[in-house]
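Structure first, commentary second.
The values are calculated or read from the model by the stated rules, or taken from the named source; none is laboratory data. Since the model is a prediction, treat every value here as computed from it, not as a measurement. Backbone-built Cβ (ideal geometry, glycine too); neighbour counts: all protein chains shown.
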Amino acid sequence: MRNKLSQLEKEIEKLREEMIEQATEKGRLSDESIQASQELDQLINEYIELQQKFKNNSY
């Protein structure tokens, strides 16, 4: 499970950088920026859920 958390952290950071790049180049309200933001939200939610499961299983 820790490997999945690490993988998600890397994916989140990569997508965050892509989102910032899109927002800088095309504007924060561009379709590309919004799509990247929504994908980032999904990854962060997945990360939080997995982190909670990990915490619950470690007790």
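Using beta carbons and a limit of 6 Å, which pairs, at least six apart or on different chains, have the first residue in the range 33-59 and on the phi < 0 side of the Ramachandran plot and the second one part of a helix (DSSP H, G or I) and acidic (Asp, Glu)?
Ala36/Glu18; Leu43/Glu11
Hey, among Lys4, Lys55, which residue is surrounded by fewer than 15 Cβ atoms within 10 Å (Cβ to Cβ), at pLDDT below 95, touching a helix residue (DSSP H, G or I) at 6+ places or on another chain (Cβ under 7 Å) and part of a helix (DSSP H, G or I)?
Of Lys4, Lys55, the one residue that is surrounded by fewer than 15 Cβ atoms within 10 Å (Cβ to Cβ), at pLDDT below 95, touching a helix residue (DSSP H, G or I) at 6+ places or on another chain (Cβ under 7 Å) and part of a helix (DSSP H, G or I) is Lys4.
So, of the residues in the range 14-33 that are surrounded by 15 or more Cβ atoms within 10 Å (Cβ to Cβ), of a type outside the set (Lys, Arg) and out of contact with any Ser or Thr (no Cβ under 7 Å at 6 or more places or on another chain), which turns out to be nearest to Arg2 (Cα to Cα)?
Applying the filter and picking the extreme gives Leu15.
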